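Please treat every number below as a calculation from the coordinates, not as lab data. Being a predicted model, the structure only gives us computed values, none of them experimental. All Cβ positions, even for glycine, are placed from backbone atoms using ideal geometry, and neighbour counts span all protein chains on display.
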Amino acid sequence: MSTPAHQTSSPTAAPADEGATRARIDVDVTALRDSFDAGATRPVTARLAQLEALRRGLRHEEPMLARALAEDLGKSRTESALTEIGVVTQEITHTLKHLRSWLRPERLSLGPLLAPASGQLRRQPLGTTLIIAPWNYPVNLTLAPLVAAIAGGNTALVKPSEVAPATSAALTHLLRTHLDPSWVRVVEGAVEETTILLEQRFDLIFYTGNGAVGRIVARAAAEHLTPTVLELGGKSPVFVDEGADLAVAARRIVWGKFTNAGQTCIAPDYLMATPRTLERLRPHLRRAVRAMYSGRPERSLDLGRMVSDKHFERVLALIDDEKTILGGAAEADARTRYLPPTIMTGVDWDDAVMGEEIFGPVLPLLAVSGPDEAIARIRAGEKPLTAYVFSPRQEVEERFVEETSSGSLALGLTLAHVGSTGMPFGGVGESGMGAYHGRAGLEVFTHAKPVVKKALTPDTLKLVYPPYTGIKRRVLRRLFR
């Protein structure tokens, strides 16, 4: 169900200058591993210092980053602050506040057989990590995993997406200027660089993109038994139940769908409701689009652009103008890569727009008989990264909680939950594995190491030494009942 929409380039054959590229990458990986082995990243004070440096760097370079995001994706300064730079700053602030408490050893009970003894869980860094970032939120989805990597005490090699070249260059400048190269290094590039990076041995690979490249990453990681975090995507559904407040639901759906021109891995991909609810919902959706982007959305400073001609043409091909009630291919502008906020009605399940993740400003409306069919439709497809439900009935909400599987489930809102530092974010099944943000990010970039301690005297373990006769046998039988 994933598409090439939010991937870095798929690794394939490398060009002739592979030797020089490989040598540069070998130098970077070796330097990061040597730094980690020397213990430079282990002290908590050093981690906090690097996070502070990243926060200062973000503040200092915000104008440059905002210009790059506008160039690559047509993002307004406000949208960049809200969905990119501000989210990362919030992540850093939250981590700085809680890191020491997250790293405190957790006490464990070892049970009567080992008594007297003590047990702890201690979080330890994994080592040298690789972060492969996407283009759709290139600042947010590059730096938020990096915050977790640094907090965990790891070194990190960062590969920004070449599909957003201006932002890739800006991120490279930010990281090389403001962070210690013994902690973080950057590799820019495309197919060649990604291929060579995946041949290296890392202690964790964090990839955000689509399922096709996610499989390539997982296969490469398997060569070294490297753990992976795969943040993928899919067709995230919306169900609007009868009796929901349609005006509010429409505003929240429109905002979640058309932010970043729909190029969001958790954007509402398609909307399900009964025919009666769809009929009543349609005018609210149109009004919400006009309210947010005016009657001339091509002039709105708050509506982004498709990232490239390739992605523009792909999404354009999914639009059936005979089914549009707003926007449509006729209003598109290939020169500026502008696609209007488009709503399609009367969509069938086998239409082209339902065959892949849309990843653009197109919202199909599909009629279902009610919650039963909506749940069945979700369960018939791959597990989505998130699902959305707008219902006044708690029993309907609970059915979606219990009867559907998705990376997350949002009741009464769209999109906003991904920016919460208190909620883990990640997929399940085809939509990914592993989760991050806040404490979950620290946990995924560390190993919870059990540490057990027992005094040598008195030697109470004599009870488990053979031979198992007489009283030993009877006591052990009672202990293991």
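Against the 2.2 N^0.38 Å scaling, with N counting residues, where does the stretch 349-477 land? I'd like the Cα-based Rg ratio to two decimal places. Could you put the intermediate results ahead of the total?
On the way: Rg = 25.2 Å, N = 129, 2.2 N^0.38 = 13.9 Å.
After normalising by residue count via 2.2 N^0.38 Å, the value is 1.81.
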Given points 7 Å out from each Cα along the Cα-Cβ axis, report the residue 468 to residue 310 separation in nanometres with one decimal. 6.2
Given the chain, what percent of its DSSP beta bridges are antiparallel, to the nearest 5? 35
Backbone HN-Hα couplings from phi across the stretch 191-205 [Karplus 6.51/-1.76/1.60, Hz, Gly and Pro as x]: 4, 4, 5, 4, 4, 5, 4, 6, 7, 6, 9, 10, 9, 6, 10
Residues of the stretch 187-203 with amide N under 14 Å of the 7 Å Cα→Cβ point at residue 162: 187-198
Rh (Kirkwood, all Cα-Cα pairs) for the stretch 171-309, Å, reads 18.7
Whole-Å semi-axes of the stretch 293-377's equivalent ellipsoid, largest first, each the root of 5 times a Cα gyration tensor eigenvalue? 25, 14, 11
Starting from the Cα of residue 75, draw a straight line to each of the lysines and keep only those under 20 Å, dropping any in the same chain fewer than 8 residues away. 257, 310
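Roughly what % antiparallel, to the nearest 5, for the DSSP beta bridges in the stretch 237-421? Display every interim value, and only then the final one.
Values: 3 of 19 bridges.
That works out to approximately 15 percent antiparallel.
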Name the long-range amide H neighbours of residue 407: under 5 Å, sequence gap of 5 or more, or other chain; modelled H, no Pro or chain starts. 385, 386, 428
Expected output is a single nm value to one decimal: the length gained when fully extending between residue 420 and residue 48, i.e. 0.36 nm times separation in residues minus the C-alpha distance. What is it? 131.9 nm
Considering only 376, 341, 293, whose Cα is most displaced toward the positive end of the charge dipole of the stretch 289-447, charges sitting on Cβ of Lys, Arg (+1) and Asp, Glu (-1)? 293
Along each of its three principal axes, how wide is the spread of alpha-carbon positions in the stretch 58-146, in whole angstrom units, largest first? 64, 25, 18
Please report the net charge: other residues with Cβ closer than 9 Å to the Cβ of residue 431, K and R +1, D and E -1. -2
Taking the Cα-to-Cβ direction at residue 449 and at residue 40 and moving 7 Å from each Cα, how far apart do the two end points lie in nm? 2.0
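Counting Lys and Arg as +1 and Asp and Glu as -1, each charge on the Cβ, what is the dipole of the stretch 237-421 about the Cα centre in debye, to the nearest 20?
Once rounded to the nearest 20, the dipole reads 820 debye.
Would you kindly state how much longer the chain becomes between residue 225 and residue 101 on full extension, computed as 0.36 nm times their sequence separation minus their alpha carbon distance, in nm to one decimal?
Working: separation 124, 0.36 × 124 = 44.64 nm, distance 3.06 nm.
So the extension gain works out to 41.6 nm.
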Estimated vicinal HN-Hα couplings, Hz - the stretch 302-319 in sequence order (Karplus 6.51, -1.76, 1.60; Gly, Pro = x): 9, 10, x, 10, 5, 6, 7, 4, 4, 6, 4, 5, 5, 6, 4, 5, 7, 8
Extension gain (nm, one decimal) between residue 169 and residue 301, 0.36 nm per residue minus Cα-Cα: 45.2 nm
Output the peptides 228-238, 174-184, 142-152 sorted from most to least packed, where packing is the average of other Cβ atoms within 10 Å over each peptide's residues. 142-152, 228-238, 174-184
Any aspartates and glutamates whose Cα falls less than 20 Å from that of residue 472, other than same-chain ones fewer than 8 residues away, would be 459
Normalised by the empirical 2.2 N^0.38 Å for globular proteins, what value does the Cα Rg of the chain take? 1.10
Descending Cα extents along the principal axes, the stretch 237-421, whole Å: 48, 39, 30
Under 18 Å Cα to Cα from residue 159, which aspartates and glutamates show up? Leave out anything in the same chain fewer than 8 places away. 18, 26, 28, 72, 84, 180, 188, 192, 193, 199, 203, 231
Mind pulling the angle between the C-alpha long axis of helix 211-222 and the longest principal axis of the chain? Nearest 10 degrees, somewhere in 0 to 90. 20
Give the calculated FRET efficiency between residue 379 and residue 90 to the nearest 0.05, with a Förster radius of 25 Å applied to their Cβ-Cβ distance. 0.15
With a Förster distance of 35 angstrom and the Cβ-Cβ distance between residue 276 and residue 121, calculated FRET efficiency to the nearest 0.05 equals 0.05
